[in-house]
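Novice: My questions all concern the structure below.
The values are calculated or read from the model by the stated rules, or taken from the named source; none is laboratory data. Everything numeric here is computed off the predicted structure, so don't read it as measured data. Every residue, glycine as well, gets a Cβ built from its backbone with ideal geometry; the counts of neighbours run over all protein chains shown.
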Amino acid sequence: MALRTDWSDRACPIARSLDVLGDPWSLLILREVFLGNHRFDTIRDRLDVADTVLSRRLNAMVEDELLNRVAYAGAARPRYDYTLTDAGRDALPVLHALARWGTTHRPRTPRMKISCTTCGQESLSADWCSTCQAALTVDNTAWRTPARPKETVALSSS
Ligand SMILES: [Zn+2]
């Protein structure tokens, strides 16, 4: 049974996007993949999510073309890396906007520092560097998250 109505044919582009990006687990999985965590076990441990839930979400995200599933060698049974597709990479400003909105509007929400590695400055915008105006992409963005306040992590798509 579906959890909600299918919005994939709505006229509103926000509703259509939410049909793919509206599940909280999907956005948190994207966060982990941007941080360089590409494997099932690592994502499961970082999110503290049940195997069945994670497996279902990853399958849906591959089907919706947010993630690529790539087998890696050396494991006794088939194991996969999950990497970002172009559509997955393009969700980066959505995560930035959520982080900024939460810090502004949800009480006691810690700040996440979003930096442009092109100029080295913190960006106050979700999609553009507010200092050098470069578009923020997986290739020129670093995060300092409240979970690891002393570590700045350059984002990764693969
Ligand atoms: Zn910059």
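Novice: Here's a check for you: in segment 100-116, which residue that is surrounded by fewer than 17 Cβ atoms within 10 Å (Cβ to Cβ) and part of a loop (DSSP other than H, G, I, E, B) is nearest to the ligand (Cβ to nearest atom)?
Specialist: Here the answer is ARG111.
Novice: Being within 18 Å of the chain's Cα centre (by Cα) and surrounded by 17 or more Cβ atoms within 10 Å (Cβ to Cβ) narrows it down to one of ALA97, ALA91, so name that one.
Specialist: When all the criteria are applied, what remains is ALA91.
Novice: Across segment 59-73, what is the total count of residues that are under 12 Å from SER26 (Cα atoms) and not in a loop (DSSP other than H, G, I, E, B)?
Specialist: Total meeting the criteria: 5.
Novice: Check THR145, THR109 and return the single one that is at pLDDT below 95 and touching a Gly at 6+ places or on another chain (Cβ under 9 Å).
Specialist: Going through THR145, THR109 in turn, the sole match is THR109.
Novice: If CYS132 meets every condition in (1) more than 16 Å from the ligand (Cβ to nearest atom); (2) modelled with pLDDT of 95 or more apart from one, which number is that one?
Specialist: Of the numbered conditions (1) more than 16 Å from the ligand (Cβ to nearest atom); (2) modelled with pLDDT of 95 or more, the odd one out for CYS132 is (1).
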